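What follows is a single structure, written as structure tokens, with notes after it.
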């Protein structure tokens with residue numbers, strides 16, 4: 001595969017699509033965040049009230065780790081979709097709009113990967 005095909009795939013990953021798929025992705029992530037937020041609240045309660053070792057032990061459980069990873073992926077994706085809608089509504093110049101959407105998607109991708117790496121490091125630290 002040559003470098004042009006790789007660049008086209010990367011550009012497609014950060015592409016600005018429109019349509020009903022965006023609407024449904026945002027709704028599905030919103031519904032998924034409702035039960036997954038229970039794990040986040042438990043984690044925050046442990047982080048604030050329990051000793052550090054207890055919090056790390058709780059997060060090192062595979063089920064709890066998967067729930068927090070699912071929450072992280074859903075919230076980052078949901079936030080990226082929401083920011084894209086705001087940009088589409090308020091930025092009128094098409095090239096600037098597309099650049100802003102791609103830039104915010106890249107920022108959310110970096111933040112999501114950093115959060116997932118932190119969770120995985122905590123999981124394997126024990």
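Every read-out reported here was derived from the displayed coordinates using simple, explicitly stated rules and does not represent laboratory data. For clarity, every value in this text was computed on a predicted model and none was experimentally measured. Neighbour counts run over all protein chains shown; Cβ positions are idealised from the backbone, glycine included.
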C-alpha long axis of helix 3-13 to longest principal axis of the chain, angle in °: 70 degrees
Helix 20-49 vs. the chain, principal-axis angle (Cα, 0 to 90°, nearest 10): 30 degrees
Most mobile of 94, 107, 38 in a GNM of the chain (Cα contacts under 10 Å): 94
Neighbour-count order for 27, 102, fewest beta carbons within 10 angstrom listed first: 27, 102
Listed values (1) 36; (2) 16; (3) 31, entry calculated as percent of Cα pairs over 26 Å apart: (1)
Average Cα contact separation per residue, the chain, under 8 Å, 6 or more apart, as relative contact order %: 34 percent
Within the chain, helix-based [θ] at 222 nm, where runs of 4 or more DSSP H residues each add -39,500 (n - 2.57), nearest 500: -31000 deg cm²/dmol
Cα-based helix-to-principal-axis angle, 94-125 vs the chain, degrees rounded to 10: 20 degrees
